[in-house]
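Peer 1: I'd like to ask you about the structure that follows.
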Ligand code: NDP
């Protein structure tokens, strides 16, 4: 660690609250490495809605906190326990999902690192890693859709006879990834989005139908589009505002996957509501699909292949300076964004 400084810039939260509690600091200690950790100099940090939950206190964490869940950058130091045993070395470009990414440097367990293949930039990796892996694991494991080549080797995008899927906030960061992943997996995708412009984004992502959640009756439109059947699977990161309508729109024996709280957490559910249509209800978290190194490596490899092949693209809303993260949070929570928000360190 001789070449790394003792202090760094970053964002510190000392009390929970609005975006104003995200404080820009220039004298934070550079983390000391523990056994098995490497020091990553972050180049691009992804902004995710989960960081707003930690900022507001919806999700609990000890304070003071450097939040941030993902980044891509370069390894600048390794704990001595690793130097002879690891595939990584100083200078290796990596992406990771781990805590404390809103900073110049982050100490990351080597097990959590994904080395970037040649040709994949740290800006693309930092903008796609967490949400790409969320979409991939949710489509595969929560919705149970088969790998495309197993499902139908002759499948052509846009000519789909696959399951009906509804994605809420289909122009958002995770929504954009979900729509594209579902299209790759052969689903017939309906996206909802707040406003006409965002509906265009949802269509560009690959949604065959886009419904304006601010201007249209989503339940009626979904009924029309599916010929009264309803959708086989719903991906809902909006939460409180949309959950009850999900139960109306899902088909008999369909699956409702609630995975976020953008409009607030879903209140406790009366499970009897599920029985009329034998609905499957899930509340997955990406982290639990990436619990083992084998899972992390396999899904990261597949995501990088999809990106390299251009089957999945990253839609960046804006690249903010790390110091401007409060504005990024305000924009995200204010429904002003389409695509991924990224911080440049
Ligand atoms: P997005 O880019 O999707 O932004 C959130 C979007 O939600 C907004 O743009 C808006 O789209 C929609 N929305 C609807 N109602 C509200 C509201 N009241 N307040 C704010 N937004 C609203 O964010 P992310 O992609 O970062 O996250 C999306 C969701 O996915 C979050 O709930 C997040 O927690 C969840 N998530 C969960 C994961 C897990 O492992 N469980 C992993 C990754 C993400 P519109 O205007 O079009 O309606």
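Peer 1: Scan segment 158-174 residue by residue and report those that are within 15 Å of the ligand (Cβ to nearest atom) and touching a strand residue (DSSP E or B) at 6+ places or on another chain (Cβ under 8 Å).
Peer 2: Keep residues of segment 158-174 that are within 15 Å of the ligand (Cβ to nearest atom), which gives 166-174.
Matches in segment 158-174: 166, 167, 168, 169, 170, 171, 172, 173.
Peer 1: Oh, and also: Do any strands (runs of 3 or more DSSP E) entirely within segment 56-155 hold 2 or more residues that are closer than 27 Å to residue 285 by Cβ and under 19 Å from the mean Cα position of the chain (by Cα), and if so, which?
Peer 2: On the way: elements: 70-78, 93-97, 105-109, 113-115.
By residue number, 70-78, 93-97, 113-115.
Peer 1: Only one residue in 229, 198 is assigned to a loop (DSSP other than H, G, I, E, B) and modelled with pLDDT of 95 or more, so which one is that? First the steps, then the outcome.
Peer 2: Values: 198 fails: assigned to a loop (DSSP other than H, G, I, E, B).
Criteria check complete, one pass: 229.
Peer 1: Kindly indicate whether any position in segment 25-45 is in a helix (DSSP H, G or I) and within 23 Å of the chain's Cα centre (by Cα).
Peer 2: No, there is no match, as no residue in segment 25-45 is in a helix (DSSP H, G or I) and within 23 Å of the chain's Cα centre (by Cα).
Peer 1: Which one of these is on the phi > 0 side of the Ramachandran plot, more than 17 Å from the chain's Cα centre (by Cα) and not in a helix (DSSP H, G or I): 254, 264?
Peer 2: Working: 254 fails: on the phi > 0 side of the Ramachandran plot.
When all the criteria are applied, what remains is 264.
Here's the yes/no breakdown for (1) more than 10 Å from the ligand (Cβ to nearest atom); (2) touching a residue at least 12 places away in the same chain (Cβ under 8 Å):
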site: 245; (1), (2): yes, yes
site: 251; (1), (2): yes, yes
site: 254; (1), (2): yes, yes
site: 260; (1), (2): no, yes
site: 263; (1), (2): no, yes
site: 270; (1), (2): yes, no
site: 273; (1), (2): yes, yes
site: 279; (1), (2): yes, yes
site: 290; (1), (2): no, yes
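Peer 1: Among the residues of segment 175-199, which ones are more than 17 Å from residue 312 (Cα to Cα) and either in contact with a strand residue (DSSP E or B) (Cβ under 8 Å, 6 or more places away or on another chain) or within 9 Å of the ligand (Cβ to nearest atom) (or both)?
Peer 2: 190, 192, 193, 194, 195, 196, 198, 199
The values are calculated or read from the model by the stated rules, or taken from the named source; none is laboratory data. No experiment lies behind these values; they were computed from the predicted model shown. Cβ atoms come from the backbone with ideal geometry, glycine included; neighbour counts cover every protein chain shown.
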